[in-house]
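So the structure is just underneath, and the comments pick up after that.
Every number here is computed from the coordinates shown, using simple stated rules; none is lab data. Computed from a predicted model, the values in this text were never measured in an experiment. Using ideal geometry, Cβ is built from the backbone for each residue, glycine included, and neighbour counts are taken over all protein chains shown.
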Protein chains: 2
Amino acid sequence: MGSKRSQAESSVQHTPMRWWGWGREGALPALSAAALGGVAERIGLDGIPTPPVALEHVVVAPPRIGDAAVAALRRAVGEEAVRLGRRERILHAAGKGYLDLVRMRAGTPEGAPDAVLLPRDENGLRAALAVCARHDLAVVPFGGGTSVVGGLAPLPEGHAAVVSLDLARLAAIRLDTESRTVSAGAGLRVAALERELAHAGLTLGHFPQSYEYVTLGGCAATRSAGQASSGYGRFEEMVIGMQLIAPAGELSAVGVPASAAGPNLREVIVGSEGSLGVISSLTLRLAAAPASSRYEGFVFEDFEAGVATLRTLAQDGPTPTVARLSDEQETELSLLLAAGGGIARRITDAYVRARSGSKRCLAILGFEGSELDVRVASSLAGGIARANGALPLGERAGAAWLSSRFAAPYLRDELLTQGALVETLETAGTWSCLCRLRKAVGGAIEGALRGSGTPGAAGCHISHVYDSGASLYFTFLARRLPGSEEGQWRAVKDAATDAIVANGGTISHHHGVGRDHARWLEREIGADGIAALCALKARFDPDGLMNPGKLLLSEL
Amino acid sequence: MGSKRSQAESSVQHTPMRWWGWGREGALPALSAAALGGVAERIGLDGIPTPPVALEHVVVAPPRIGDAAVAALRRAVGEEAVRLGRRERILHAAGKGYLDLVRMRAGTPEGAPDAVLLPRDENGLRAALAVCARHDLAVVPFGGGTSVVGGLAPLPEGHAAVVSLDLARLAAIRLDTESRTVSAGAGLRVAALERELAHAGLTLGHFPQSYEYVTLGGCAATRSAGQASSGYGRFEEMVIGMQLIAPAGELSAVGVPASAAGPNLREVIVGSEGSLGVISSLTLRLAAAPASSRYEGFVFEDFEAGVATLRTLAQDGPTPTVARLSDEQETELSLLLAAGGGIARRITDAYVRARSGSKRCLAILGFEGSELDVRVASSLAGGIARANGALPLGERAGAAWLSSRFAAPYLRDELLTQGALVETLETAGTWSCLCRLRKAVGGAIEGALRGSGTPGAAGCHISHVYDSGASLYFTFLARRLPGSEEGQWRAVKDAATDAIVANGGTISHHHGVGRDHARWLEREIGADGIAALCALKARFDPDGLMNPGKLLLSEL
């Protein structure tokens, strides 16, 4: 090949997450008593904790899968790669969305896969799919298990049973340092890949909030974007080759840097969310590990001043690696959650010191690259921010953001225990419609929460910037309505998504469609767009086995 | 919309090209007598000119289209928008590939469309397609008419007749300066758009060699890349929204900067080459018109030293706006064509002065942006080039390249008159396979020319660079075999494309698939990839009317 290659089998531990929440068993609390008290007061919690039930109290029906199917699966992937145990099934029963967690903590998941499969390689995967087709088993591909849009719901949808196809063992790595690409199994965790790449002075540069658990295949299947995607690009921009193994065919995208050989089928596999087949391996472009980085905080007088700054940086440069801007409400929410110490403390310390009474918007700008590039870019960006009235908070605030960048899901678990509804949703729009979009969606969320009798707190931040626009990420908190959790959540979700569609936003910027956004997909891509996807599904998954009930509602 | 918008109807003249070649009537000769003599000696031409026949001697059969169909088309798009005249039909009878020109110059095109349609707007386009479906008329969408891969061949392929659907009148422009996007009709010429954008201090940054004629819709349909795409991106990277009007449906891609709403159907419309439907409008991201630019020439000891330089620039920066590197053979060919003055003279003057006897490789590096950015980037890039042994030729060579950047198709016309076979083909590969790919394809071209008894001259240059690899663009010249032009050409094309596929390249980097590469598409995307495209075609073009015989050979 003329290239230097190193072969490495990943030896990553795939420690599962806590079945009822985020992180490993024994993760430390991230919120102070003062913060919990402040939140409780703000949204009217009663202070009575509602911890998750014990694992043995989780209600799961016995597997519906027949003996013949189990025997055939064991022949296909090996005896120990077919798991029927209760714990394994519960660990694969849901993603980590709000409703997933609410149900799981109560011990009443919607269901569980009837079996969990762990094929050793692509041939095992092919054999497993063939058995599933013969025995009418629906298949839910499982990567990091982090979906927040219902992408992992084990819905049999009329099939004999449903299996979870865990890709953890498809994790081989082959590096091409000359081309700066890596070919890897879809089940490889992004964090594990980064550890391997560090030895070669390279990085993928993909850091979603789910970084600790998410897999390459999952990132591709859901069009993931990471916190540093303004600099390193969205996940789909990193994919130069991939393999899809489907019940009725395989698609293989050649790993070339660019091509004019007709429609780009790679971009149909990316984002297919397991509904066409299973992404089994990928070839990804890499970047040099940055020699230097500088993350700084700023406070803007209002959201619009921050937007003007981010737009200038995105359109004229210097392009930040990370660009985040919270609105007034989210900045206040951050303060509330940081009260009395805890994980998000230092950033707000700096903010509090700098505060001048009026409402303000926190921003983080991060630059990575050569020492010279970072110095020049930070200086230019700081000048642009100051010209838009920003007060610099310095690198302390940047360091605080970096140290807490993956903390939100841990905070969520604690707030759930305190009886809160806590949820996020996201969209993107062009610069010219962004401020209107933010107001419409924020207003819809607050209105729906009031309408449910649970007025709450909602905030928004820009998390990714592009030449033509930016993403908007909303977080909201309210008192949870016991017994009506789903109706309460759905009222907000419906109002927010309707507002997104009506105001020029996309139904998802980086969470994906899954089950939660599927009802709106037709409003985004049209009836003929749905028909196009159904035509592809009919070709590659004629029996509708692949992840039913997600992405496409009108199956075939 | 919260954005500043200006509405402008394009008032561009769609002056057609010479029916037998490139450019407007009266374009000046670009090759000196000395250059022509040198080429003739090098490849063994007999010196007897073979000019094109007169227009009245071109053989075109009478239109096969029935009166009822003509009447229906006139009702659909208007009386004067249905053209049956001989000249109009000849002007739409072919693209500008080698075989197209050889046939047209001899007065024997393969065929001509039976009618030319010029709908005024999207509703006219819809109405025209409906009539075509009712009367079994095959449809060839026509933009700038510049295809070099047979994309415009008027093949009825079993249908009652074939019409050319010229999009020239779909050329409205709507600018969103805040989002830096433009929405425009697919028939708008890229050059016309650039003239409009210049008033707003903006640029699309898309400069293919066909720049003077090419349209937005054509660039999207064929996945065009421009000479400055290393800096501004490939055309498909500029597309954030588009509309496809097909015989059996419409696909509309929302104009948002990024989305995770499932598979990206936009990337299936892009590259569809008229085979699914007609791209009618697009929304494109723009860039600031550069305040400054600097183009410089370099000479490298060999191709590998130039590749090392380009790879470093592409992977670690500064990323050039334009990066080109000719191999030894192409550098020699350039010298030959520039002999005795002419359009490519000054670049080689500098080269000749700098020459030290050994074979060398010419390179052009161009940077555009702010004055500071350009100064810093040029200086860094020059340092990297010198570290790889390059001799700098300065800005004179860069200016010469800029002044002759669109000249090659004019040169081709003159070489055709002199009895030459002159053709180009292109591919792309990762850095680790690039040098092997170049040798294999170059060897295949030279071998096939020798095998035809017409040993020729073949050279190659890198025209676009990416993090993970680069494109390779081959040019070759030989004595044309009168009466056997097609067989001679096909022997080379087959050998070259087989070598591309066997050595990890893509069958096209920016020319598209068309008719010429369709036989190899299955080797690139697999039988199931073809099946995926056929499933989409069956849904949107169930009667197979759209551009038959291009892209997909195994129709439905």
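A few comments on the model shown:
- Overall form of the range B:125-172 per C-alpha gyration tensor (a/c, 1.5; a/b vs b/c): oblate
- Within the range B:37-164, percent of DSSP bridges classed antiparallel, to nearest 5: 25
- What the Cα atoms of the protein assembly as shown give is an Rg and a Dmax of 30.1, 98 Å.
- The mean of 1/r over all distinct Cα pairs in chain B, once inverted, gives the Kirkwood hydrodynamic radius of 24.1 Å.
- Rounded to the nearest 10 degrees, the inclination of helix B:485-502 to the longest alpha-carbon principal axis of chain B is 70 degrees.
- Lys, Arg +1 and Asp, Glu -1 on Cβ, resulting dipole of the range A:117-176 about Cα centre, debye, nearest 20: 140
- Fewest-first ranking of A:196, B:273, using other Cβ atoms within 10 Å as the exposure measure: A:196, B:273
- Along the range B:213-226 the Karplus relation, 6.51 cos²θ - 1.76 cosθ + 1.60 evaluated at θ = phi - 60°, assigns HN-Hα couplings of 10, 5, 9, 4, x, x, 4, 6, 5, 10, 6, 5, 10, x Hz to successive residues, with x for each Gly and Pro.
- Charged side chains reduced to their Cβ positions (Lys and Arg at +1, Asp and Glu at -1) give the range B:483-556 a dipole of some 100 debye around its Cα centre.
- Amide proton proximity set for residue B:469, modelled H, under 5 Å, gap of 5+: B:431
- Amide H contacts under 5 Å for residue A:147, placed H, 5+ residues apart: A:96
- Taking a Cβ cut-off of under 13 Å around residue A:292, the surrounding Lys, Arg, Asp and Glu residues balance to a net charge of -2, with basic ones at +1 and acidic ones at -1.
- When every Cα-Cα distance of the range A:43-131 is counted in 10 angstrom steps from zero, the calculated P(r) takes the values 16, 37, 26, 14, 5, 2 percent.
- Mean sequence separation of contacting Cα pairs (under 8 Å, at least six apart), scaled by the length of chain A, corresponds to a relative contact order of 17 percent.
- Neighbour-count order for B:298, A:207, fewest beta carbons within 10 angstrom listed first: A:207, B:298
- Volume of the convex hull of the range A:400-445 (Cα atoms only), normalised per residue: 112 Å³.
- Calculated from backbone phi, Karplus (6.51, -1.76, 1.60) coupling profile of the range A:536-552 in Hz, x at Gly/Pro: 5, 5, 4, 6, 9, 9, x, 8, x, 7, 7, 6, x, x, 10, 6, 9
- With the biggest extent put first, the Cα atoms of the range A:1-157 measure 58, 49, 24 Å across the principal axes.
- Cut-off under 5 Å, modelled amide H: who pairs with residue A:370 long-range: A:291
- Convex hull of Cα atoms in the range A:122-222, direction-averaged projection (nm²): 7.1
- Measuring max minus min along each principal axis, the C-alpha atoms of the range B:176-266 give extents of 35, 29, 23 Å (largest first).
- Sorted fewest first by neighbouring Cβ atoms within 10 angstrom, A:236, A:371 come out as A:371, A:236.
- Given R0 = 25 Å, the distance between the Cβ atoms of residue B:15 and residue B:108 translates into a calculated FRET efficiency of 0.50.
- Estimated Rh, the range B:241-329: Kirkwood, alpha-carbon pairs, angstrom: 17.1
- Charge tally around residue B:197: other residues with Cβ under 13 Å, Lys/Arg +1 each, Asp/Glu -1 each, net +2.
- Those residues of the range A:446-466 whose amide nitrogen sits under 20 Å from the label point placed on residue B:370, 7 Å along Cα→Cβ: A:465-466
- HN-Hα J in Hz across the range A:294-309 - Karplus 6.51, -1.76, 1.60, θ = phi - 60°, x for Gly and Pro: 8, 10, 10, x, 9, 10, 9, 4, 8, 4, 4, 5, x, 4, 4, 5
- Counting only Cβ charges, +1 for Lys and Arg and -1 for Asp and Glu, the dipole size of chain B around its Cα centre is about 580 debye.
- Sorted largest first, the spans of the alpha carbon positions of the range A:381-532 along the three principal axes are 47, 43, 25 Å.
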